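The values are calculated or read from the model by the stated rules, or taken from the named source; none is laboratory data. Being a predicted model, the structure only gives us computed values, none of them experimental. Reconstructed Cβ throughout: ideal geometry from the backbone, glycine too, with neighbour counts over all protein chains shown.
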Amino acid sequence: MTVELQPEFPHRTRKKERFPLQGSRSERAPAARARRERASAVPYVELHAHSSYSFLDGASLPEELAVRAAELGYPALAVTDHDGVYGSLEFAHAAKHFGVRPITGAELTLADRSHVTILVETAKGYANLCRLVTAAHAQTRREGKETQPPADPALDQRLLEELSEGLICLSGCARHGLAVRNPNGAARLAQAFGRERFFVEMQRPYARGDARRNAGLRDLASSLGVRTIVTGDVHAHNPRRAALQDVLVAIRNSSSLDGCEAERRGNHESVLLSPAEMVECFRDDRAAVALTVELADQLQFDLTEELGYRYPDFSDSPEPAIVQLAHVCNRTFEDRYPKGHKLRREARTRLEEELKLIDELGLAGFFLLHWDVLELARECALEVRGRNSPRHALPPGRGRGSSVGSIVCYLTGLSHVDPVGAELSLGRFLNRELDSVPDIDLDFPRDIREKLIVAVTERYGRDHAALVASFSTYRSRGAIRDVGKALGLPYAELERIARVSEGWNAKRVAEELQLLPDADRKLLSPRWRAFGELCHEIAGLPRHISQHPGGMVISSRPLVELVPVQPAAMAGRQMCQWDKDSCADAGFLKIDLLGLGMLSAVEDCVDQIARLQGTPIDLSRIPLDDQAVYEEIQRADTIGDFQIESRAQMQSLLRTRPENIDDLTVQVALVRPGPIQGKAVHPYIEHRQRLREDSSFLPPVDHPLLADCLRSTLGVVVFQDQVLEVAIALAGFSVGEAEGLRRAMSRKRSHEALEAYRSRFVEGALRKGVDAKTADMVYDKLVGFSGFGFPKSHAAAFGLLAYQSAWLRHHHPAEFLCALLNAQPMGFYPPATLVRDGQRRGVETRPPDVNISAAKCAIEDGTVRIGIDYVNGIGAEDAAAVVAEREQGKPFASVRDLAQRTQLSEHGLETLIISGACDCFGLPRRQLLWQLGLVPRSQTVPGSGGEEKQLALPLDPTAATPQLPEPTVWERMLADYRTTNLSVGVHPMELLRAHLPAGVISSRDLENMPDRAQVAIAGMAVARQRPATANGVVFMLIEDEFGPVNLIVPPSVYDKHRAIVRSEPLVLARGRFERIQRNQNVLVRSLETLGPLARRVSEETEVGASLPGAHHFGHR
């Protein structure tokens, strides 16, 4: 039997879109009969297999195990990953799709470090397994040390004995099994589980001592009165992955293959063998082999069936949930639409219709749950902001996504955009053909979000709420470094390859290796050839678990009975063991509490304005038609503005010239992969230009039936909603069918899946009088739109925030820059570029000063003063402590005074001096460093845990400070960049300008160059983009002392100069200057690094390492 592994697995789509295996009982019956018939003919079933979710141990994805099991004829297969069910649901759906019955289990680590294999028999058993895994992880992160690597899971055997109902226990693997390591412990488990649910597990890894060990296990089973059973301890689906499994073991042990020989398996036997091969391995244990089939038939629990999840739906209240929701909405309605409001009647009608639809769908509790979370966010905001903070004029969070189109969301505070006034549709969010709960995404300032996640967990209980998991998978750079280290390859060579790698797809590392100048020499080495092959194999495998940015699951039934929960790497947080796809497949409701850096910046900006001017700003009441703001936007003077600051947005703004908030809504959604691939960008820009020239111009559409739904976007598809509207208007789709098409696009299904909708689309269009050629052309555009795009409601929410940020930048530039610096990392530009942009706009930035600076950046006499925590090596707590000491006592008089009055580390004090934060002491920086070395400081007494200190003797230095040379201007500038990631003084290009080759011009000179002129221009790299939609073209943004310049690097030039494009901070580009209307670019012909020139001029060896790295965006 051969099963082809598809590139996209259909089992990862939503439950109701799956295949006949998920259909009616009559549909499933033949498949079940076929499995039973096959099971009766198969002599063995594998009950102990590890997928790649046994992190850095299993070498195959769950899908790969399922496919291989089907090829080998297995009727069933158990995946038993180490201390978790991370990939169990993924495996269950894949296995059922390929005709293999999935068995759920885990290999648990006991407190004595021995292992047992646990298999699930019943739903009660699955709940017990989840509780056991949760308990095993409970103490893996120490309080106060959550960010440190977690300890290994460990389960108290007594708890396993207590929660044994519904579970089958095997005695564990050949190396670490309980029966091998602790026979007395195995005896206790045999007594707890009983003869029919405890089995002594035998394996044959073909290692020394196999026969002796298995003989001892047979004797143990006989003495305990239990049976033996055979398992394969599978760690790979195919022999070709066995080498990768060795590499994974080396990575897990932070070693090379040579250095972890004892931990490795020593051969390639731990792969999924055929049933016949397993029978051959255990010719003397036929009964133990046959028992696997008997036991597998007993393990009928199906993880893909209903688990009993319910979210809190407020159904236990005296009033029905829909009545409660209506009360909440009606209370706010009078404030939002008072008597006399022009939209009051329309809004009332829409509210009543929406509440009726919500009641029909049974979603009132869903909305109340989100409203309850938002009310909890208000409490967190009060705690974070303080009672008298001007930030209270701002909502605690804002909605995004399609939910912004709901008036119920608007009235419950889950959205800040009036959907009636903005003419937003509801169908993308709610419709009668909805087959799953909709998504409501909420954005919060980071400080509020941090409190809220913990508060939600505490409100609903730690057994009922957790973050969703995310799995970090191997991409190019991680694969290069980890695989290369395991193979013992030179570190410097690996770093060189990692820097020039695309950074995304590890499958291409072997190709990238061939692009290196010394590729021929490297590929003569078997080790380097294996390196490329192993990077290909490891691509996409999960490396470790991490927490989702903000997705939370809340359950009315204990969540720890539905999926195991474990501590996260932040205090007070915990996460379940499933990612968002598995949570969706299980029917869990995921609430997204997302942190948005711009919201943090806006709140900080509003706070600073209020403190300086005494009057808070209400951003909900600022004019939305401020022409001065739109003039800046139309000039693409938008560095730091939310969503419209990127290079691509700036290029577009110069041509679209938004004039109002509706134009900004379109603009935010326009520069996205969906509209770009759907060929909407250039027609939209052209239609806007023609409309400016002729107000009577009517944008053309592909068919008159599309005129209404594409009117707001000038005849092209820009929003996700318009996919639905086009399908309904042109092809007669129902709302549910249209949403199915949109979802198929957003889930990036195979070409065949999208083409399956084409016939339905064309047939519907023909019935409405549309010719087949036009229908196919429109459908092709919709398929092109299948990349990432925004719904209009999401774009409206982001467009409003884009305008508000632009308004603050225009009217309060210093406060806005200060807030942006405090909110880093975020946005398109590094702090150095934000500071340079502020200087060009008249906003001065001053360096950090230990006697003036606050902990964070702050406004000082109309300028921005860099905060102490901006200095690398000085954390937020250290910075706050320095400021508190200064304010409680007096300004620091010297380095000695600073060192003795604070608890800063030696490194932190040195960094403060090098950054210029101690220049206030009036001495050169080298003299200050000398003095620091002579300061007597209290020392912790060894062995006291920091509780006891040896006080310093108050002695003055006995030697005079020698005369030390002053730092050069290069040394000071590089020190600024190295210690604060920015420089408020001279720009590197200003120092290099006089030494550049003849003919190199500046960004200021470029303004006067004619179109298509050959130019040479130099600058510091600010950002690099290689969008997937650009066919290999790289867009670079460089800046010199006068301003930024856009470079377009064709694929051929990129391939030739990849190392320069990807890693050099100072570059010289030669090419053709192009002026297209108001857009200016340089089409690059060649590139060279200015690193050697900078090192020669500065007499410094580490210029490039000190300068800030450019931001990378998009497909790399």
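Overview of values
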quantity: Residue match in region 802-816 (condition: at pLDDT below 95, in a helix (DSSP H, G or I), among the basic types (Lys, Arg) and out of contact with any His (no Cβ under 6 Å at 6 or more places or on another chain)); calculated: no
quantity: In region 627-656, the residues that are free of Cβ contacts under 8 Å to residues at least 60 places away in the same chain and closer than 27 Å to VAL723 by Cβ; calculated: GLN649, SER652, LEU653, THR656
quantity: Helices (runs of 4 or more DSSP H) contained in region 664-777 and holding at least 3 residues in contact (Cβ under 8 Å) with a residue 60 or more places away in the chain and assigned by TED's automatic domain parsing to the domain that holds ARG428; calculated: none
quantity: Test result for ARG647, at pLDDT below 90 and of a type in the set (D, E, K, R); calculated: yes
quantity: Test: ALA917 is closer than 19 Å to VAL935 by Cα, touching a residue at least 60 places away in the same chain (Cβ under 8 Å) and either of a type in the set (A, V, I, L, M) or surrounded by fewer than 16 Cβ atoms within 10 Å (Cβ to Cβ) (or both); calculated: yes
quantity: Long-range neighbours under 8 Å by Cβ, at least six apart or interchain, first residue free of Cβ contacts under 8 Å to residues at least 40 places away in the same chain and surrounded by 24 or more Cβ atoms within 10 Å (Cβ to Cβ) within region 828-848, second in a helix (DSSP H, G or I) and of a type outside the set (Asp, Glu); calculated: GLY838/PRO813; GLY838/ALA814; GLY838/LEU817
quantity: Every residue from region 673-686 that is at negative phi and surrounded by fewer than 23 Cβ atoms within 10 Å (Cβ to Cβ); calculated: PRO673, ILE676, GLN677, VAL681, HIS682, PRO683, ILE685, GLU686
quantity: Members of region 991-1029 that are within 22 Å of SER1098 (Cα to Cα) and either touching a Phe, Trp or Tyr at 6+ places or on another chain (Cβ under 9 Å) or without any contact (Cβ under 8 Å) to a residue 12 or more places away in the chain (or both); calculated: LEU991, ALA994, ALA998, SER1002, ILE1017, VAL1022
quantity: Residues within region 597-621 that are hydroxyl-bearing (Ser, Thr, Tyr) and under 23 Å from GLN643 (Cα atoms), tallied; calculated: 2
quantity: Test: ARG142 is out of contact with any Gly (no Cβ under 8 Å at 6 or more places or on another chain), farther than 19 Å from VAL85 by Cα and at pLDDT 95 or above; calculated: no
quantity: Residue in region 312-342 that is surrounded by the most Cβ atoms within 10 Å (Cβ to Cβ), counting only those that are of a type in the set (Val, Ile, Thr) and within 22 Å of ASP418 (Cα to Cα); calculated: ILE322
quantity: Restricting region 490-514 to residues that are surrounded by 15 or more Cβ atoms within 10 Å (Cβ to Cβ) and small (Gly, Ala, Ser), the residue that is farthest from GLN1025 (Cα to Cα); calculated: ALA510
quantity: Tally of residues being touching a residue at least 12 places away in the same chain (Cβ under 8 Å), among the small types (Gly, Ala, Ser) and assigned to a loop (DSSP other than H, G, I, E, B) across region 258-301; calculated: 3
quantity: Breaking point among (1) outside the structural domain of ILE633 (by TED's automatic domain parsing); (2) within 20 Å of the chain's Cα centre (by Cα); (3) among the hydrophobic types (A, V, I, L, M, F, W, C), for PHE788; calculated: (1)
quantity: Output for region 483-497, where each listed residue is under 22 Å from GLN245 (Cα atoms) and part of a helix (DSSP H, G or I); calculated: VAL483, GLY484, LYS485, ALA486, TYR491, LEU494
quantity: Among the candidates ARG657, ARG711, residue that is more than 31 Å from the chain's Cα centre (by Cα), surrounded by fewer than 22 Cβ atoms within 10 Å (Cβ to Cβ) and on the phi > 0 side of the Ramachandran plot; calculated: ARG657
quantity: Any hit, region 369-382, residues being more than 20 Å from ASP592 (Cβ to Cβ) and either outside any helix (DSSP H, G or I) or at pLDDT 90 or above (or both); calculated: no
quantity: Tally, over region 302-332, of residues that are in contact with a helix residue (DSSP H, G or I) (Cβ under 7 Å, 6 or more places away or on another chain) and either free of Cβ contacts under 8 Å to residues at least 60 places away in the same chain or not in a loop (DSSP other than H, G, I, E, B) (or both); calculated: 11
quantity: Boolean, VAL79 is crowded, with 24+ Cβ neighbours inside 10 Å, touching a residue at least 60 places away in the same chain (Cβ under 8 Å) and of a type in the set (A, V, I, L, M); calculated: no
quantity: Verdict on VAL1084 being over 30 Å from THR979 (Cβ atoms), in contact with a helix residue (DSSP H, G or I) (Cβ under 6 Å, 6 or more places away or on another chain) and touching a residue at least 24 places away in the same chain (Cβ under 8 Å); calculated: yes
quantity: Residues that are at pLDDT 90 or above and out of contact with any Ser or Thr (no Cβ under 6 Å at 6 or more places or on another chain), drawn from region 861-875; calculated: ASP861, GLY862, THR863, ILE866, ASP869, ILE874
quantity: Selection from region 52-77 of residues that are closer than 13 Å to HIS237 by Cα and outside any loop (DSSP other than H, G, I, E, B); calculated: PRO62, GLU63, GLU64, LEU65, ALA66, VAL67, ARG68, ALA69, ALA70, GLU71, LEU77
quantity: Among the candidates ALA1105, ALA1094, residue that is crowded, with 16+ Cβ neighbours inside 10 Å, on the phi < 0 side of the Ramachandran plot and assigned to a helix (DSSP H, G or I); calculated: ALA1094
quantity: Residues (among the hydrophobic types (A, V, I, L, M, F, W, C) and either more than 28 Å from the chain's Cα centre (by Cα) or surrounded by fewer than 24 Cβ atoms within 10 Å (Cβ to Cβ) (or both)) located in region 96-126; calculated: PHE98, VAL100, ILE103, LEU108, LEU110, ALA111, VAL116, ILE118, LEU119, VAL120, ALA123
quantity: Members of region 843-871 that are part of a loop (DSSP other than H, G, I, E, B) and among the polar types (S, T, N, Q); calculated: ASN851, SER853
quantity: Members of region 620-650 that are surrounded by fewer than 20 Cβ atoms within 10 Å (Cβ to Cβ) and part of a helix (DSSP H, G or I); calculated: SER620, ARG621, GLN627, ALA628, GLU631, GLU632, GLN634
quantity: Single residue of region 182-237 satisfying the filter (part of a strand (DSSP E or B) and in contact with a His (Cβ under 9 Å, 6 or more places away or on another chain)) that is farthest from LEU272 (Cα to Cα); calculated: GLU201
quantity: Number of the condition not met by ARG459 [criteria: (1) crowded, with 19+ Cβ neighbours inside 10 Å; (2) in contact (Cβ under 8 Å) with a residue 60 or more places away in the chain; (3) touching a helix residue (DSSP H, G or I) at 6+ places or on another chain (Cβ under 7 Å)]; calculated: (1)
